[in-house]
1. How many of the residues making up segment B:295-319 are within 12 Å of chain A (Cβ to nearest Cβ), over 22 Å from A:M139 (Cβ atoms) and surrounded by 18 or more Cβ atoms within 10 Å (Cβ to Cβ)?
2. Out of (1) farther than 30 Å from A:E34 by Cα; (2) out of contact with any Asp or Glu (no Cβ under 8 Å at 6 or more places or on another chain); (3) surrounded by 23 or more Cβ atoms within 10 Å (Cβ to Cβ), what's the single condition that is false for A:F143?
3. Run B:K293 past the list (1) under 22 Å from the mean Cα position of the chain (by Cα); (2) closer than 23 Å to B:A154 by Cα; (3) free of Cβ contacts under 8 Å to residues at least 24 places away in the same chain and report the number of the one that doesn't hold.
4. Give segment B:42-62 a look and list any residue that's in contact with a helix residue (DSSP H, G or I) (Cβ under 9 Å, 6 or more places away or on another chain) and within 10 Å of chain A (Cβ to nearest Cβ), or say none.
5. Which numbered condition in (1) within 15 Å of the chain's Cα centre (by Cα); (2) under 25 Å from A:A234 (Cβ atoms); (3) within 13 Å of another protein chain (Cβ to nearest Cβ) is the only one that A:F92 fails?
6. Any residue in segment B:164-176 that is acidic (D, E) and within 17 Å of the chain's Cα centre (by Cα)?
7. Which condition from (1) farther than 30 Å from A:G115 by Cβ; (2) within 20 Å of the chain's Cα centre (by Cα); (3) of a type in the set (D, E, K, R) is the one that A:D275 breaks?
8. Filter segment B:253-286 for residues that are in a helix (DSSP H, G or I) and among the charged types (D, E, K, R); which is farthest from A:A249 (Cα to Cα)?
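What follows is calculated from the coordinates using simple rules that are stated; it is not laboratory data. Here the structure is a predicted model, which means the values were calculated and not measured. Because the Cβ atoms are built from the backbone with ideal geometry, glycine has one as well, and the counts that use them run over all protein chains shown.
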2 protein chains.
Amino acid sequence: ALAAPPRITGLPDISWRLQSSFPATLDTIYGAAEAMARSAAILTGGRFRIEIAPPDRYVPAGQALDAVSAGSVQALQTCSYYHVDRDPAFAFGSALPFGLNARMQDAWIVEGGGGPLLDGLYAQYGLTSLVAGNTGAQMGGWFRKEIRSLPEMAGLKMRIAGLGGMVLARLGVEPQELAIESAYAALDDGWLDAAEWSGPYEDEQLGFYKVAPYYYYPGWWDGGPSIHLLINRAAFEALPETYKEALRASAAQARHEMQARYDVRNNTAIRSLIDKGVQLRPFPTDILEAAYKASFELYAELAAAHPRFKAIYEPWKGFRDQIYQSFRVAEYSFESFGFTQQAKGH
Amino acid sequence: ALAAPPRITGLPDISWRLQSSFPATLDTIYGAAEAMARSAAILTGGRFRIEIAPPDRYVPAGQALDAVSAGSVQALQTCSYYHVDRDPAFAFGSALPFGLNARMQDAWIVEGGGGPLLDGLYAQYGLTSLVAGNTGAQMGGWFRKEIRSLPEMAGLKMRIAGLGGMVLARLGVEPQELAIESAYAALDDGWLDAAEWSGPYEDEQLGFYKVAPYYYYPGWWDGGPSIHLLINRAAFEALPETYKEALRASAAQARHEMQARYDVRNNTAIRSLIDKGVQLRPFPTDILEAAYKASFELYAELAAAHPRFKAIYEPWKGFRDQIYQSFRVAEYSFESFGFTQQAKGH
C-alpha cells in the first residue's frame, strides 16, 4: 500500500532546451532524445516541453557543457567522456578502456556506488545527470591496411579521442582528434590510416568501409559507454517532482530502447558490411596486451595527478574487478557454451 | 521540435490492483513493483494508484492469470513462462533453454520483431504486456551430491518447472514442481536431490547451501528471463494516454533498476556463499551437450503440436542464431579478453 502523494493541480508550463552532441542523422541516439521529449510531454499533459536541437544550434558544440553549467541551455545529450579535457574523471560516466560492459556500467551507477560518486563530480560543474542510453561494446575501428602485430601500430595516424587515444599513443599511434565528418575524406586522401566511431550500424552509414576495409574488434576503450543527459543542476532542482520523475522515467525508456535498437541494427549492419567485402579482424593479442598494460599505467598516473579522478577510480576499480569475476560464472558461461554450439551449426 | 499534445486538465482517479507472483521477501523483484506503483503515482499527481499485493492476496496464485484476463485484477507481475501449461508459447516472453541473454531478449522484444508477436499471443488471452525487469543469467541450482557426468543425472529428483524441467526429464531427471518454500525441507529430508530458483542473492536467502552444497552454473534454461507485467487489455486501453505512458515509463525504470540490483547483489552473495563453503561447479560438458540437443528437439515437437508456438518459434530462432553471431564479435571478445587478463591478476 502506498501513501498518497500530494494532489497537484496547477502544474507550470516549462520549456527546456536540450542540445545533443550528436547530429540528427545518427537516428538511434538522436531519436532517443526526441522520444524522451515526447514522453515527458505526454506525461505532463504538454506542460513540460523539451526542444531538442543538434550540435551548434543553441551554442557551439565546444561550449555546450559550459552553457549547461551556466543554465542558458538546460540539458546536453552527450557522452560524459567527451569532456575529459576539462576533467579526466568525466570518463567514469561513460567508459574507460578495459572497463565495464553496458550492464556493469548500469549496475555500478544504480546500485554499485557509482551514482553518488558521479553526482558529486557533476555537482562541481553545476550539473546533475541521468543515464539515457548505451551503445554496448563498440568496434575497434577501420584500418586502411591489415595490422598483424603491435609494431605495425607505430606511427599510424588514427582518428580517436579521449582515454582510448591516450592509451594508443603509448603504443606508438598518433591519435587525431578530427571531427567524424572529416574522417572519411582524410582516410580517402591517405593521410589518415585509421578511424573509429562506434558500431556497425553507424559506421556503415559513415561509409568508412569504402576507404579502410579492415574492421577490427573489439573497441576495448568502449566496452559499454553510457549516453548521459547532463542537466543544469539548479534547473533540475527547481522542477516540480512530477517533472523530475518524468525526466527520470523517460531517460530509463531511452536507456532501454537505445540499446535494443543498436543491438538489432548492428546485427543487420555487420552482415551487410561483410557482404560488401569488409575484412573483419580481431585485434592481435600483443596489441590487446600492450593496451591493457598501458591503460592501467595511465589510470595510476591520472589518479596521482587528479584527486577527483583518484576518488572515483579506486572504488570503480574494485567494483570492476569483482563484477568481472561474478559475470564469469553464470552470464559468461551461458554465452560461451551457446555461442560455441551455435557456431558449430547445432 | 514537437507538436504539442492536447492539454489535459481533468485526469480521472483510477485504482488498479496488481498481484505479484513473487513474495515480498524477494525484495529485488517485489520492490520493483512497488517502485513502479510509486512512480506512476508521482507521474499522475496521485490520480493513478496501483495497489501491489503478494501471491494469493486478491486471488489464489494459480488463478491470477485468469483474474487478469477477466479484469477482476488489472495486472500481474510475473514471468510469462510460469504459464506454459496454459500455452507453451508463453515461454517466449521470458526465456527458453539455450535462448536469449537479457540484452538479446530486450532487443528481440523492442526492435527485433518479438514485441508484436508476443502482443498477438497475449491478446488471445485478453492481455497486454510490459517488460518490467530481468534477472540476467541465472545459476543452475543446488545439488546434494557432486554431479560429474550425464549418467549421474538419471533418477535425480530436482525442483524445476517449465521447459527447463521438460528438457531435464529427457536427460533422466525427475522434475518436481513443488513450491519454492517447500524445497529446503525436501532437500534436508533427502527425498529431493536438487533444486533451482534464481541467482546467488535470492538463493542465499532461501538457504539451500546448508543442505545442498554443490552449486552448478550456468542456468542454461534461464539465460536472461524477462519479468513482465501482464495487464488486462481492456483496462489498459481505457487508460488516458498519460497513464499509459506512466506505466510504460515506470516499467522501463523497473527494467533498468532490477537488473542493476540483481547484478550487484548477486556479486556480493556469490562471495558470501563461497565463504560459507559452497562448492561452485560448472555443469559437465556432456550434460550441457545433451541438454542443448534435447532442447531443440523439444522445440521442434512443440512447434509441430502448437501452431501458436510455431508462429513465434521460427522467427525467434532466426533472431537468436543471428544475434549470437553478432554478439560474438565486439561484445563477447571484449569480455573474453578482459576477464582473462583480470583472472591472471593483471
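1. Residues of segment B:295-319 within 12 Å of chain A (Cβ to nearest Cβ): B:295-297, B:317-319.
Those still in the list that are over 22 Å from A:M139 (Cβ atoms) too: B:295-297, B:317-318.
With the extra rule that they be surrounded by 18 or more Cβ atoms within 10 Å (Cβ to Cβ), the set shrinks to B:295.
So the answer is 1.
2. Status for A:F143: all satisfied but (2).
3. (1)
4. If the condition is that a residue be in contact with a helix residue (DSSP H, G or I) (Cβ under 9 Å, 6 or more places away or on another chain) and within 10 Å of chain A (Cβ to nearest Cβ), then B:I42, B:L43, B:T44, B:G45, B:R47, B:R49, B:I50, B:E51, B:I52 are the ones that fit.
5. All conditions are met except number (3).
6. To start, the set of residues in segment B:164-176 that are acidic (D, E) comprises B:174.
Keeping just the survivors that are within 17 Å of the chain's Cα centre (by Cα) gives none.
No, segment B:164-176 contains no residue that is acidic (D, E) and within 17 Å of the chain's Cα centre (by Cα).
7. So A:D275 meets the others, but not (2).
8. First, pick out the residues of segment B:253-286 that are in a helix (DSSP H, G or I): B:253-275, B:285-286.
If we keep only those that are among the charged types (D, E, K, R) too, we end up with B:255, B:257, B:261, B:263, B:265, B:271, B:275, B:286.
On the way: B:R255: 11, B:E257: 11, B:R261: 17, B:D263: 21, B:R265: 23, B:R271: 33, B:D275: 38, B:D286: 45 Å.
Selected residue: B:D286.
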